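This report concerns only the one structure given below.
The values are calculated or read from the model by the stated rules, or taken from the named source; none is laboratory data. The model shown is predicted, which means the values in this text are computed figures rather than measured ones. Cβ sites come from the backbone with ideal geometry, for glycine too, and all protein chains shown count toward neighbours. Quick note on the areas: whole protein, heavy atoms, side chains included, nothing else; ligands and nucleic acids left out. Shrake-Rupley method; radii C 1.70, N 1.55, O 1.52, S 1.80 Å.
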Amino acid sequence: MDNRTMARLLEETADLLEIDGGDSFRVRGYRRAAEAAEQTTVDLTVAAAEVTRLLEIPGIGKSMAANLQAIVQTGTLPLREELLARYGAGLLELLKLPGMGPKTIALFWDAAKIANIDQLAEALEAGRLAGLPRMGPKQLDKLRKAVEDYRRSAGRFRIDAAEEEAHRIADYLLAFPAAAGARIDTVTPAGSLRRGRETVGDLDLLVTGPACAAANTAAAVEYVAAYPGIHDIIAKGENKVSFHVEGGLQVDVRLLPTASYGAALQYFTGSKAHNVALRQRALRMGYTLNEWALAQLEDGSTVASATEEEIYAALGMEWMPPELRENLGEIERSARGELPQLICPGDIRGDVHMHTTASDGRNSIREMADGALACGYRYIAITDHSKALAMTGGLDEKRALEQIKRVREVDREMEGRIRVFTGIEVDILGDGALDLDNEVLAQMDVVIASVHSRFEQSREEMTARVLRAIENPYVRILGHPTGRLLLRREPFAIDLGAVLRRAAELGLAVEHNAAPERLDLCDRDLRLAKELGCRVAMSSDSHDARNLGKMGYGMRQLRRAWLAPEDVVSTLGPDEFLAALRARP
Ligand code: DGT
Ligand code: CA
Ligand code: CA
Ligand code: ZN
């Protein structure tokens with residue numbers, strides 16, 4: 001158990017107590033203790049062995065010291081358990097909704113016995129909350145929307161939305177009007193966003209610069225709290241502000257002194273599992289590791305704190321990219337000096353999945369070629385939809401042949417500055433047959449086969465369907481292999497292992513579709529593809545020239561899967577790329 005977890009338990013207890021109508025002095029006591037646990041550089045688990053050491057911490061009195069000891073011994077607090085038993089654990093989830101603080105929850109409990117999100121949704125629908133104090137129609141509409149948003153995403157947000165929000169907040173923070181040199185110098189997203197996860201639960205922003213020096217943060221805290229995108233403020237402390245932005249994403253902004261910036265960056269980047277393993281390694285070496293420093297266990301003196309590199313080095317390890325930090329073997333590899341060679345954005349040479357006005361894209365072939373050239377690519381393939389996707393204007397045999405001609409014309413126009421390959425994203429029909437005749441497919445450079453319908457088929461049916469499709473000798477890439485749409489549609493049921501094994505035998509590549517709403521295959525499945533010897537083609541699936549080159553989120557997934565340049569055919573030059581795909585009959 002580390003300090004932050006203990007702080008969270010205390011904070012939750014304060015919230016529950018406030019909902020329960022507890023004495024405000026007592027509520028404040030828990031909040032102050034939570035803040036103290038979050039702030040202190042003392043390792044509370046170690047200090048809990050002696051009450052006197054806990055009492056030395058400012059903000060911790062006798063009763064909170066006893067509470068901290070109870071947390072260390074039992075993993076929780078008696079009062080927290082008692083209140084959760086009375087109201088149900090649903091209250092903790094309710095507290096996460098924008099607009100739902102302890103006061104509102106107490107109001108709803110008294111009026112309508114609401115103790116979880118389902119009950120809130122039901123009461124909103126039945127109109128039972130109308131007329132309560134501070135609950136006008138506008139406020140109720142906001143709550144309705146908050147419930148909807150929360151349910152749709154289970155409280156998580158797509159990486160692109162999180163990153164855009166992080167940029168907006170960073171722009172605002174970097175414009176901090178510096179008085180007397182008290183600047184904000186850097187704003188760094190940590191947490192799951194820095195690790196490149198496909199979705200994030202909340203945004204962790206680390207801020208440093210002279211404005212964040214200890215005991216000098218008041219002005220900067222007020223400035224953070226005045227960010228115009230804020231929906232509601234959850235908590236405001238000496239060096240931390242938590243808030244929801246419009247749309248519900250929670251943001252934790254931490255102001256940190258430069259001297260401990262590396263330790264904080266390491267800690268708040270996580271993952272939690274990586275940190276736990278790293279902390280155990282530190283303890284074995286006679287150190288403690290927390291968000292303030294790597295320190296000697298004996299006397300608490302700092303060993304390393306300013307940069308991540310120093311901390312990992314002191315632990316006998318190489319610094320490692322955040323995408324690897326999931327405790328999946330990276331700690332051992334790093335200690336042996338054997339971290340994997342990861343693919344980088346600059347390694348990508350081409351993009352072979354995109355749509356034009358011939359089906360549901362917005363730009364012409366020539367515009368896509370010019371756009372890709374501006375991205376520095378050496379080749380693209382034009383892969384419009386086939387006729388089964390009627391609503392996209394998919395191509396039948398006749399139009400597909402005309403499209404081949406037009407693509408070849410543009411390829412000539414480009415005079416070798418970029419190669420433009422012919423292709424199609426041919427639909428895999430319900431029974432695994434392809435949507436276009438082989439005579440047409442045979443004339444194309446890049447045939448991608450994808451499932452776009454009948455997602456509800458059984459695992460057996462879907463597996464047989466896709467296996468049948470990839471037996472077609474003209475298919476060279478299996479497109480978005482699980483069909484998922486992040487936070488909107490689950491992957492369809494399929495024996496992916498069987499499909500990937502067969503794809504590897506046939507020399508087919510599988511797609512990593514880098515569109516941020518897909519990211520398909522996901523990181524875990526990409527690992528499986530590599531293990532099974534199946535190569536990966538990354539593509540943007542652009543329907544708009546402005547999306548060309550947006551493969552950054554996909555790149556993060558490839559790196560999270562430990563892929564090297566040689567695992568990804570998109571790192572090859574144009575001729576080598578075609579030669580690396582399954583040979584056409
Ligand atoms: P998320 O927000 O669910 O997408 O995932 P993270 O990884 O951003 O998690 P978050 O925001 O709860 O915490 C940020 C980092 O702080 C996390 O990656 C590691 C660190 N951290 C949080 N809670 C704990 C904890 O209980 N123990 C340890 N060792 N580290 C923690
Ligand atoms: Ca987070
Ligand atoms: Ca967080
Ligand atoms: Zn598709």
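Sort through LEU528, LEU487, LEU506 and tell me the only one that's surrounded by fewer than 19 Cβ atoms within 10 Å (Cβ to Cβ), within 20 Å of ARG197 (Cβ to Cβ) and at pLDDT 95 or above. If you could, list the steps in order and put the result at the bottom.
Values: LEU487 fails: at pLDDT 95 or above; LEU506 fails: within 20 Å of ARG197 (Cβ to Cβ).
When all the criteria are applied, what remains is LEU528.
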ALA493 vs. criteria in the same structural domain as ALA514 (by TED's automatic domain parsing) and either surrounded by fewer than 19 Cβ atoms within 10 Å (Cβ to Cβ) or touching a residue at least 60 places away in the same chain (Cβ under 8 Å) (or both): yes
Could you tell me how many of the residues in the stretch 133-176 are under 15 Å from LEU206 (Cα atoms) and of a type in the set (Lys, Arg)? 1
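Suppose the filter is touching a Ser or Thr at 6+ places or on another chain (Cβ under 8 Å), farther than 30 Å from ARG556 by Cα and surrounded by 17 or more Cβ atoms within 10 Å (Cβ to Cβ); does LEU83 pass it? Don't jump to the end; show me each part of the working.
Details: touching a Ser or Thr at 6+ places or on another chain (Cβ under 8 Å): yes; farther than 30 Å from ARG556 by Cα: yes; surrounded by 17 or more Cβ atoms within 10 Å (Cβ to Cβ): yes.
It is true that LEU83 is touching a Ser or Thr at 6+ places or on another chain (Cβ under 8 Å), farther than 30 Å from ARG556 by Cα and surrounded by 17 or more Cβ atoms within 10 Å (Cβ to Cβ).
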Hey, among ALA583, ALA579, which residue is under 22 Å from THR383 (Cα atoms), free of Cβ contacts under 8 Å to residues at least 24 places away in the same chain and open to solvent by 40 Å² or more (accessible area, probe 1.4 Å)? ALA579
Of the numbered conditions (1) within 16 Å of ligand 1 (Cβ to nearest atom); (2) of a type in the set (A, V, I, L, M, F, W, C); (3) more than 30 Å from ALA226 (Cα to Cα); (4) in contact with a Ser or Thr (Cβ under 7 Å, 6 or more places away or on another chain), ALA263 fails exactly one; give the number of that condition. (3)
Which of (1) of a type in the set (Ser, Thr, Tyr); (2) within 16 Å of ligand 3 (Cβ to nearest atom); (3) at pLDDT below 95 is the odd one out, the single condition SER271 does not satisfy? (3)
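Within the stretch 74-122, which helices (runs of 4 or more DSSP H) (wholly inside it) include 1 or more residues that are of a type in the set (Val, Ile, Thr)? Walk me through it before giving the result.
On the way: elements: 78-87, 90-94, 102-112.
Result: 102-112.
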Matching residues in the stretch 303-361 - criterion: being among the charged types (D, E, K, R), under 20 Å from ALA277 (Cβ atoms) and not in a loop (DSSP other than H, G, I, E, B): GLU308, GLU309, GLU310, GLU323, GLU330, GLU332, ARG333
Qualifying residue in the stretch 279-299 (condition: within 16 Å of ligand 1 (Cβ to nearest atom), open to solvent by less than 40 Å² (accessible area, probe 1.4 Å) and within 22 Å of the chain's Cα centre (by Cα)): yes
Filter pass, MET391 being aliphatic (A, V, I, L, M) and open to solvent by 50 Å² or more (accessible area, probe 1.4 Å): yes
Across the stretch 194-211, what is the number of residues that are within 27 Å of the chain's Cα centre (by Cα) and either more than 13 Å from ligand 3 (Cβ to nearest atom) or open to solvent by 10 Å² or more (accessible area, probe 1.4 Å) (or both)? 12
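ILE169 - would you say it is modelled with pLDDT of 95 or more, away from ligand 4 (no atom under 16 Å from the Cβ) and open to solvent by less than 20 Å² (accessible area, probe 1.4 Å)? Working first, answer last.
Numbers: modelled with pLDDT of 95 or more: yes; away from ligand 4 (no atom under 16 Å from the Cβ): yes; open to solvent by less than 20 Å² (accessible area, probe 1.4 Å): yes.
Here the answer is yes, as ILE169 does meet what is asked.
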